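These notes are about the structure you will find just below.
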Amino acid sequence: MRVGFAGLGAMGGGMCRRLAERGFDVVAYDADAGVATAAGAHPGVRAAAGVVELAAPVVVTMLPDGAAVRQVADELLPHLAAGSLIVDTGSSAPEDTLALGRAAAAYDVAVVDAPVSGSPARARG
């Protein structure tokens with residue numbers, strides 16, 4: 001299954017690689033192109049040059065706040081197929097997540113708020 005992944009920082013980079021290690025076809029994006037390129041060197045991960053390339057049945061965001069998630073989602077939503085899923089694993093404010101859910105519903109895309117806890121070392125495995 002193809003998974004788009006936005007945000008390859010301390011937690012996201014490890015999470016992205018772990019998905020690839022478990023057989024998912026991961027397309028990864030980070031605002032820092034160098035970070036995305038480094039992630040793309042991992043087997044099973046392809047670096048995306050832009051947000052639109054993340055279009056997949058499931059898109060995971062590991063971004064610092066709701067504004068960053070919304071910026072990615074606003075660009076990506078028109079390119080997602082109906083029935084797709086956005087999983088926000090960052091620390092977004094509840095009102096940001098609810099607003100994202102309403103915006104995604106207009107495209108028949110679901111949103112799951114799934115913040116993570118732990119350390120970057122645990123995310124890397």
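The values are calculated or read from the model by the stated rules, or taken from the named source; none is laboratory data. The structure presented is a predicted model; accordingly, all values stated were derived computationally and were not measured. Virtual Cβ from ideal backbone geometry, glycine too; neighbours counted across all protein chains shown.
Restricting the search to the stretch 1-13, which residues are among the small types (Gly, Ala, Ser) and surrounded by 20 or more Cβ atoms within 10 Å (Cβ to Cβ)? If you could, list the steps in order and put the result at the bottom.
Here is the first cut: in the stretch 1-13, the residues among the small types (Gly, Ala, Ser) are 4, 6-7, 9-10, 12-13.
Listed by number, the residues that qualify are Gly4, Ala6, Gly7, Gly12, Gly13.
Looking at the structure I just gave you, is Leu54 free of Cβ contacts under 8 Å to residues at least 40 places away in the same chain and in contact with a strand residue (DSSP E or B) (Cβ under 8 Å, 6 or more places away or on another chain)? No, not satisfied.
Considering each residue of the stretch 39-65, count those that are in contact with a Gly (Cβ under 8 Å, 6 or more places away or on another chain) and part of a helix (DSSP H, G or I), and give that number.
Filtering the stretch 39-65 for residues in contact with a Gly (Cβ under 8 Å, 6 or more places away or on another chain) gives 39, 44, 46-48, 53-65.
Narrowing the set further to residues that are part of a helix (DSSP H, G or I) leaves 39, 53-54.
Residues that pass the stated criteria total 3.
Please work out if Gly14 is touching a helix residue (DSSP H, G or I) at 6+ places or on another chain (Cβ under 8 Å), touching a residue at least 60 places away in the same chain (Cβ under 8 Å) and in a loop (DSSP other than H, G, I, E, B). Judged against the criteria, Gly14 is not a match. Each residue in the stretch 76-93 was checked for being surrounded by fewer than 14 Cβ atoms within 10 Å (Cβ to Cβ) and at pLDDT 95 or above, and 4 of them qualify.
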